[in-house]
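For reference, the structure discussed in these notes is given below.
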Amino acid sequence: MFLIETFNLVAVFVFAISASLSAIKRKFDLFGISFVAFVTSVGGGTVRDILLGDFPVSWMKNGNFAYSIICGILISFIFTNKLNGFKKTFFWFDTIGIGVSTIIGTYKAIEYGLNFPLCVLFGVMSSIFGGIIRDTLCNDVPLVFRKEIYATACIMGSVCFQFLNFLHIEIVISMPIAIVITIMIRFISIKYNLKLPNLNYKLKGKINV
Amino acid sequence: MFLIETFNLVAVFVFAISASLSAIKRKFDLFGISFVAFVTSVGGGTVRDILLGDFPVSWMKNGNFAYSIICGILISFIFTNKLNGFKKTFFWFDTIGIGVSTIIGTYKAIEYGLNFPLCVLFGVMSSIFGGIIRDTLCNDVPLVFRKEIYATACIMGSVCFQFLNFLHIEIVISMPIAIVITIMIRFISIKYNLKLPNLNYKLKGKINV
Amino acid sequence: MFLIETFNLVAVFVFAISASLSAIKRKFDLFGISFVAFVTSVGGGTVRDILLGDFPVSWMKNGNFAYSIICGILISFIFTNKLNGFKKTFFWFDTIGIGVSTIIGTYKAIEYGLNFPLCVLFGVMSSIFGGIIRDTLCNDVPLVFRKEIYATACIMGSVCFQFLNFLHIEIVISMPIAIVITIMIRFISIKYNLKLPNLNYKLKGKINV
């Protein structure tokens, strides 16, 4: 599990950088930036652990998470204007982070004996809740609801992982496979601009809800 | 408790439909719609269970909740344009759902030994928190804060239930009575357009807070 | 700990008043006002207790919190137009509340064995999360992210408290000292209009995140 721990720290680190940049753009002060970075990077795992009743939540058990986030914030401060150049690098880190979070979330839900759709939900939640909290705090409609970025990849990855488990494949093999599948699906869906339908075509008349 | 379980599933199902429609109106994609539907329908009960420290939260103990929500979402997708016609039916389902949630929330708080105002709070919270989360995610000011829809009914229903308990009336009798009272109050307050004052008349000068 | 309990009730009471005024300004109805007041005044402590896994959360263990909030709301209703005159008094109550919340939050985190940056985080979180939830519910960007109000004071106070603990100074002495330091820093930073930089000067080009 050492590899996963490391991946997880990298994911938190990269999430912290992308959240910091988003907060800097909105002219938050140093404190606002740090807070948003923190909440975004641990948000998904926190919601997951709270719902499962696994206390204290993961980033409190392991102090390295806090240091990893602080590093991410500091790097954003220092390289504010240079980070745009690394977009491709970030995309990959981000995608790896999402892949790992999804599979860890699914794994934890399976361990707690949840049923199939709930396990998928926990996988997705672990990887996207941070971003939803970030967008809500920044007073935006969460991006993930409108522009399909990684939800589909998370769902497919989680389903694959559960299928591999169903076949009784060892966790040390099934986990990396599912992570790679999640990453590939996301890569392909961004490359070919695939997205989920938004049902606009059905909205001929106004819905009065 | 079988009847209540059933009512609860119906409530979750109907909440999922109304949330889906609200998300479709905002042009969210399939994932956004599902996520909003899910959070809205289980939000109230989740906050209640987390605050009481009752883990895992109720919708995770019983897998039927997940299926009930999925059905609600699917029905919204299929009948997007036809659901407006069922408005009256939905109003009744919704009201039943709210009544049941309120009384279950109050009941759980009483069981945990909370005092009178906190029990009322838990009753109200269980039935409205889902909607508040939905409106926050959709970047609206929660509707329930401005237009009195069901808060008063929930409060009155919760007070009645606690009063009946105080008189040592059996739970199998007091619970249905309180649920019916909650439903009737909401029905009457909508029919005669009753609402709480918003103190506008007092705001002669600008408040600088 | 009796003094701290009392301070805590005063803090909750004053937070309830300031939140009520903010909700009245936004034309929420009686229910919306009460709800926002409640969430704002207990929000910080609730998030702290949930993350630490300390159930039931503090305001549920002690019924006086509920009564304290109800008093705050009632006073806001009655004196809506007169409260502006008390601004200075409120500033002091508010600052005392923030000082106490910060140190109690830090203290609880130390007791749970968290590391240095996490203890600072818990101190800050306990005092500001309520306001963040309030602003999010009211559909604003949280004020604390843009206009440095008390974040710095909380951080410094929490650091001082941990330093005093590190020197093995008795809690009955170190706690009041750290509270007073937090209060003084906030007073000075408001008086001389000190604030954290927002990195605007670095944003020469557009950041594409």
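Bear in mind that the values in this text are calculations on the coordinates, not laboratory data. Predicted, not measured: the structure shown is a model, and the values here were computed from it. Virtual Cβ from ideal backbone geometry, glycine too; neighbours counted across all protein chains shown.
Fully extending the segment from B:F163 to B:I78 would add 26.2 nm, taking 0.36 nm per residue of separation and subtracting the current Cα-Cα distance. Fewest neighbouring Cβ atoms within 10 Å first, the residues B:I188, A:I104, A:I185, C:I103 line up as B:I188, A:I185, A:I104, C:I103. Protection proxy ranking of A:34-44, A:154-164, C:126-136, C:156-166, by the mean of other Cβ atoms within 10 Å over each peptide's residues and highest first, is A:34-44, C:126-136, A:154-164, C:156-166. Placing pseudo-labels 7 Å out from each Cα toward the beta carbon at B:N139 and A:I188 gives an inter-label distance of 3.2 nm. Our summary gives region B:2-192 a relative contact order of 24 percent, counting only alpha carbon pairs under 8 angstrom and 6 or more residues apart.
Taking other Cβ atoms within 10 Å as a rough exposure proxy, A:K108, C:K191 sort from fewest to most as C:K191, A:K108.
Based on alpha-carbon centroids, what's the gap between region C:1-80 and region B:108-131 in Å, whole number please? Region C:1-80 and region B:108-131 have Cα centres separated by 16 Å. Sorted shortest first, the distances from the C:F187 label point to those of the same residue in the other copies are 6.1, 6.1 nm; each point sits 7 Å from Cα along Cα-to-Cβ. Across the copies of the chain, A:I75 has label points (7 Å from Cα along Cα→Cβ) spaced 4.9, 4.9 nm apart, shortest distance listed first. With N counted as the residues of region B:2-192, its alpha-carbon radius of gyration over 2.2 N^0.38 Å works out to 0.99. Distances between copies at A:P117, taken between label points 7 Å from Cα along the C-beta direction, are 4.0, 4.0 nm in increasing order.
Near C:F13: Cβ cut-off under 15 Å, other residues only, Lys/Arg at +1 and Asp/Glu at -1. The net charge is -2. Couplings for region C:37-45, taken from phi via the Karplus curve 6.51 cos²θ - 1.76 cosθ + 1.60 with θ = phi - 60°, read 4, 5, 4, 5, 6, 9, x, x, x Hz in order; Gly and Pro are left as x. Counts of other chain beta carbons within 10 angstrom of each beta carbon in peptide B:54-63 average 5.
Among residues other than A:D49 with Cβ under 14 Å from its Cβ, the summed charge is +1 (Lys and Arg +1, Asp and Glu -1). For region B:2-192, a crude dipole built from +1 on the beta carbon of Lys and Arg and -1 on the beta carbon of Asp and Glu, taken about the Cα centre, is about 680 debye to the nearest 20.
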